[in-house]
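Written out below as structure tokens is the structure these notes cover.
Values in this text are rule-based calculations from the coordinates and carry no lab data. These figures come from a predicted structure and were not determined experimentally. Please note: Cβ atoms are built from the backbone with ideal geometry, for glycine as well, and neighbour counts cover all protein chains shown.
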Amino acid sequence: MTDIFKSSTIGVNEATPKDLKELWGIIDEYGKLMSFFLSNNIYSYDDFCDMWNERIVDAIIGRDIKTGILLGCGYLHQLLPGHYATINVIKRRRYQSPEIIPAILAGLKYFFEKHDLVKIVATIREGNVPSSKLAKELGFTFDGILRHHMFIDGKWRDFKIYTILREEL
Ligand SMILES: CC(C)(COP(=O)(O)OP(=O)(O)OC[C@H]1O[C@@H](n2cnc3c(N)ncnc32)[C@H](O)[C@@H]1OP(=O)(O)O)[C@@H](O)C(=O)NCCC(=O)NCCS
């Protein structure tokens, strides 16, 4: 398998079903902050696997080169080939490295080319400040608010929509 990205610290590759257990571990670190999962009634590893098989259309993971520990993932859960896809990025809590941004950018390039995309979309819950910050750092543009976009914890929540065009990467 060809590396999507490789530096002295992070390697990015396609995700395999074997990675699911470790991915669930990362999601679990965030607990109730993971609004996408809550809004889809995902509370256990089994729920997560079902969702993965039904809804995730493509996924990549980043690992620490030396230890092999899973550092995070990026996956598409809506895809219109030749047009756009919606992405989620999840990183191990508090893991920091200057290689994170270049690794994610390489992942975006991989998705753009593989699916011949015009744009990649990120929908981020209002109040999810770290995700909005990351989207801006990656070069996404804030397009507007999606009102009442997901039903989470008994209420319809607004989401921010960010997009990046192929030529902006
Ligand atoms: C988005 C993300 C990649 C940003 O990276 P980062 O800023 O380096 O993130 P950190 O790991 O340092 O987390 C920063 C803080 O934001 C908090 N945070 C993370 N996701 C959050 C969310 N959805 N809502 C509110 N706060 C959130 C973290 O708990 C952390 O607080 P802590 O220091 O008390 O643990 C990372 O926070 C993440 O993977 N979050 C969970 C998944 C997510 O929401 N993805 C975006 C969906 S599009």
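Based on this model, can you work out whether residue 143 counts as touching a Gly at 6+ places or on another chain (Cβ under 6 Å) and surrounded by fewer than 17 Cβ atoms within 10 Å (Cβ to Cβ)?
Values: touching a Gly at 6+ places or on another chain (Cβ under 6 Å): no; surrounded by fewer than 17 Cβ atoms within 10 Å (Cβ to Cβ): yes.
Criteria not met by residue 143.
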Of everything in segment 11-38, what is surrounded by fewer than 17 Cβ atoms within 10 Å (Cβ to Cβ), of a type in the set (Ser, Thr, Tyr) and either part of a helix (DSSP H, G or I) or under 14 Å from the mean Cα position of the chain (by Cα) (or both)? Give them in sequence order.
30
Which numbered condition in (1) in contact (Cβ under 8 Å) with a residue 60 or more places away in the chain; (2) within 10 Å of the ligand (Cβ to nearest atom); (3) buried (at least 20 other Cβ atoms within 10 Å of the Cβ); (4) of a type in the set (Gly, Ala, Ser) is the only one that residue 122 fails?
(1)
Checked against (1) out of contact with any Cys (no Cβ under 8 Å at 6 or more places or on another chain); (2) more than 25 Å from residue 129 (Cβ to Cβ), residue 10 satisfies every condition except (2)
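Can you name the strands (runs of 3 or more DSSP E) wholly within segment 62-169 that have at least 3 residues being among the β-branched types (Val, Ile, Thr) and over 14 Å from the mean Cα position of the chain (by Cα)?
Values: elements: 70-80, 84-91, 119-125, 141-152, 155-165.
Because the criterion is at least 3 residues that are among the β-branched types (Val, Ile, Thr) and over 14 Å from the mean Cα position of the chain (by Cα), the strands (runs of 3 or more DSSP E) in segment 62-169 that meet it are 141-152.
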Restricting attention to segment 39-59, which residues are more than 14 Å from the ligand (Cβ to nearest atom) and in a strand (DSSP E or B)?
58
